[in-house]
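Here is the structure we will look at, set down as C-alpha cells.
The values are calculated or read from the model by the stated rules, or taken from the named source; none is laboratory data. Predicted model, so just to flag it, every value in this text is computed and none were measured. Here Cβ is always computed from backbone atoms with ideal geometry, including for glycine, and neighbour counts include all displayed protein chains. Side chains included, ligands, DNA and RNA excluded: accessible areas come from the protein's heavy atoms. Shrake-Rupley method; radii C 1.70, N 1.55, O 1.52, S 1.80 Å.
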Number of protein chains: 2
Amino acid sequence: MDVRTFCLGVLSLGDATGYEIKKQAEDGPFSHFYKAGFGSIYPALARLAADGLITGRDEAQAGKPDKRIYAVTPAGKAALADALTDHATGIAVEDDIRSEFLFLMFFAHLMPAHRVARQIDAHIALYRECLDHIEAKASDSACEHQLPGHVFVRGVGLAVYRAFHDYLRDNRDAFLAQLGAGRQNAAE
Amino acid sequence: MDVRTFCLGVLSLGDATGYEIKKQAEDGPFSHFYKAGFGSIYPALARLAADGLITGRDEAQAGKPDKRIYAVTPAGKAALADALTDHATGIAVEDDIRSEFLFLMFFAHLMPAHRVARQIDAHIALYRECLDHIEAKASDSACEHQLPGHVFVRGVGLAVYRAFHDYLRDNRDAFLAQLGAGRQNAAE
DNA sequence: AGAGTATATATCGGACGGATATATATCTGA
DNA sequence: TCAGATATATATCCGTCCGATATATACTCT
C-alpha cells in the first residue's frame with residue numbers, strides 16, 4: 001500500500017501531524033502490518049495537500065517546534081474509498097514478510113553457536129514484548145467502540161506473533177542441539 | 001538483509017544464475033522471509049563480481065538465451081561470514097511484515113460487504129496454497145540431508161502461515177457479521 | 001557537556017523493485 | 001494467425017521508499 005493511501009487512511013480516523021502518522025505506523029493499530037518513514041510520509045503529505053486531498057493548518061506550540069495538523073477533505077475521502085475498492089480485486093496479494101533473523105538462522109552453521117543462541121533468545125524476548133504491547137493496547141481500548149476491522153486485524157497480528165514466538169520457544173533447544181551435532185560430525 | 005549478502009548466501013549453497021537466485025527468493029527455501037527483484041539482483045551480482053567476491057562464466061544454451069553462472073570466491077565466502085557475524089549483534093531486529101490485505105480489512109467498513117468477503121476467501125485460499133507448497137517441498141526433501149537452519153526456518157514459516165490461515169478461517173464469519181451489524185446500526 | 005529521548009518538520013541519496021526491453025521457445029484460445 | 005501467457009535468461013529505467021541527516025525546543029542522566 002503506497003504511503004499516500006496510508007496517510008489518507010490514518011487521517012480518515014482523525015486529524016493528525018506527519019509525526020503522529022509515523023507513530024501510527026510504529027506503535028498504533030497499523031504497526032504489525034505497515035511501515036513508513038519520514039522520508040516518504042512528508043513528501044506524500046505535501047503531494048496530497050497539493051492535490052487538494054488534505055488540508056494542513058499550522059499551529060504554534062510552547063516549548064516545542066510548530067506543528068502542522070492535516071485533515072482529509074471530502075475529495076480525499078472519496079480518493080481513499082476509490083483506492084480501497086481498486087485494491088479489493090478479489091485476487092489475493094501475498095503479504096510481504098521479511099526477516100533478517102530468519103536469514104541468519106538459515107546460515108546458522110556458519111556462525112558461532114553462542115551467537116546463534118543469543119540471537120534466538122533476543123528474538124523470543126522481542127516477540128514477548130510485541131505481544132504484551134498489543135495486548136495492553138487491546139485492554140486499554142476494551143471500553144471504546146472500535147472498528148470491526150481494527151479488532152480483526154489485531155487478532156491476526158496476535159495470532160501471527162504468537163505463532164512466531166511459540167515456535168522459537170519450543171524449538172530453540174532442538175535446533176541448537178542439531179547445530180552442535182552437525183559441528184561434531186564435521187570435526188570427525 | 002541487503003541483496004548482495006542474499007546473493008552471496010544463495011551462491012554459498014551452489015553456483016547459480018541471476019534468474020535462479022530470483023527463483024530462490026520466489027519459490028525456494030527463502031521465499032517466506034525474503035524478496036528481491038531483478039532490478040536489484042543483477043546490479044548486485046555485477047557489483048559482487050567487480051569486487052572479486054563472485055565469478056561469472058558464460059554458457060550458451062540451445063533454444064534459450066545464453067546464461068551466466070556465478071560462483072562464490074573464497075573472498076566471497078569470507079565476506080558472507082563477516083556479514084552474518086556483523087548482523088548477529090545479540091539485539092533483536094523486528095521482522096518486517098506488511099500486508100495490503102490487512103490494510104483493506106482495517107477499512108472494511110468503507111467497502112461493500114461482498115467485496116470484503118471475497119477478498120478474505122481469496123486470502124484464505126492463498127495461504128492454503130502456500131502451506132501446501134511448503135509442505136510438498138518438505139516431503140520432497142525428506143530424504144536429503146538438509147541444513148539445520150533450513151529446517152528451522154521452514155518450521156517458522158509453516159507456523160506463521162498456519163496461524164494466519166487459521167485465524168482468517170475461524171473469524172471470517174464473525175467479522176462479516178459485525179460489519180453487517182455496524183451497517184444496520186448506521187442505517188438506523 | 002554530551003548523549004539519549006521526545007515532539008516536530010523536512011530533505012538527501014542510496015537501495016529497491018516493477019515495468020520494460022531483448023532473446024528463444026512453446027502452448028492456448030479467439 | 002495472432003496475441004497473450006508461460007518459461008528460461010540478461011539487463012536497465014525510474015518512481016518509491018527509508019535511514020540518516022538537519023533543524024528546532026526541551027528534558028533527563030551519566
### Task
May I ask you to list the residues in the stretch B:3-21 that are over 16 Å from the mean Cα position of the chain (by Cα) and either more than 10 Å from DNA strand C (Cβ to nearest atom) or open to solvent by less than 10 Å² (accessible area, probe 1.4 Å) (or both)?
B:LEU8, B:LEU11, B:SER12, B:LEU13, B:GLY14, B:ASP15, B:ALA16, B:THR17, B:GLY18
### Message
Restricting to the stretch B:81-93, count the residues that are closer than 13 Å to B:GLY9 by Cβ and either away from DNA strand C (no atom under 15 Å from the Cβ) or more than 25 Å from the chain's Cα centre (by Cα) (or both).
### Response
3
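Going through A:ALA117, A:ALA122 one at a time, which residue ends up being open to solvent by less than 30 Å² (accessible area, probe 1.4 Å), more than 8 Å from chain B (Cβ to nearest Cβ) and hydrophobic (A, V, I, L, M, F, W, C)? Let's see the steps before the verdict.
Working: A:ALA122 fails: more than 8 Å from chain B (Cβ to nearest Cβ).
Answer to the check: A:ALA117.
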### Query
What are the residue pairs meeting all of these: first residue in the stretch A:83-96, first residue more than 7 Å from chain B (Cβ to nearest Cβ), second residue among the aliphatic types (A, V, I, L, M), Cβ atoms under 9 Å, and 6 or more apart or on different chains?
A:ALA83/A:MET1; A:ALA83/A:LEU8; A:THR89/B:ALA122
### Task
State all residues of the stretch B:3-18 that are touching a helix residue (DSSP H, G or I) at 6+ places or on another chain (Cβ under 8 Å) and either closer than 28 Å to B:GLU135 by Cα or free of Cβ contacts under 8 Å to residues at least 40 places away in the same chain (or both); if no residue qualifies, say none.
B:VAL3, B:THR5, B:PHE6, B:CYS7, B:LEU8, B:GLY9, B:VAL10, B:LEU11, B:SER12, B:ALA16, B:GLY18
### Message
Could you check the stretch B:51-77 and list, in sequence order, the residues that are within 16 Å of DNA strand C (Cβ to nearest atom), open to solvent by 80 Å² or more (accessible area, probe 1.4 Å) and either modelled with pLDDT of 95 or more or not hydrophobic (A, V, I, L, M, F, W, C) (or both)?
### Response
B:ASP51, B:ASP58, B:GLY63, B:LYS64, B:PRO65, B:ASP66, B:ARG68
### Query
In the stretch A:1-57, which residue that is of a type in the set (D, E, K, R) and over 27 Å from A:VAL160 (Cα atoms) is nearest to DNA strand D (Cβ to nearest atom)?
A:ARG47
### A:ALA78 without any contact (Cβ under 8 Å) to a residue 12 or more places away in the chain, facing chain B (nearest Cβ under 7 Å), in a helix (DSSP H, G or I) and not basic (Lys, Arg)
no
### Task
May I ask you to verify whether A:ALA136 is among the small types (Gly, Ala, Ser), exposed (fewer than 14 other Cβ atoms within 10 Å of the Cβ), modelled with pLDDT under 90 and assigned to a helix (DSSP H, G or I)?
yes
### Query
What number goes with the only condition from (1) open to solvent by 50 Å² or more (accessible area, probe 1.4 Å); (2) within 12 Å of DNA strand C (Cβ to nearest atom); (3) within 17 Å of B:GLU100 (Cα to Cα) that A:ARG47 does not pass?
(3)
### Task
Answer yes if at least one residue in the stretch A:101-114 is open to solvent by 20 Å² or more (accessible area, probe 1.4 Å), in a strand (DSSP E or B) and without any contact (Cβ under 8 Å) to a residue 60 or more places away in the chain, and no otherwise.
no
### Query
Which of the residues belonging to the stretch A:22-41 are crowded, with 17+ Cβ neighbours inside 10 Å and more than 14 Å from every other protein chain (Cβ to nearest Cβ)?
A:LYS22, A:ILE41
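Looking at the structure I just gave you, is B:ALA25 within 13 Å of DNA strand C (Cβ to nearest atom), touching a residue at least 12 places away in the same chain (Cβ under 8 Å), assigned to a helix (DSSP H, G or I) and among the small types (Gly, Ala, Ser)? Give the steps one after another, and end with the answer.
Values: within 13 Å of DNA strand C (Cβ to nearest atom): yes; touching a residue at least 12 places away in the same chain (Cβ under 8 Å): yes; assigned to a helix (DSSP H, G or I): yes; among the small types (Gly, Ala, Ser): yes.
Spelling it out, B:ALA25 is indeed within 13 Å of DNA strand C (Cβ to nearest atom), touching a residue at least 12 places away in the same chain (Cβ under 8 Å), assigned to a helix (DSSP H, G or I) and among the small types (Gly, Ala, Ser).
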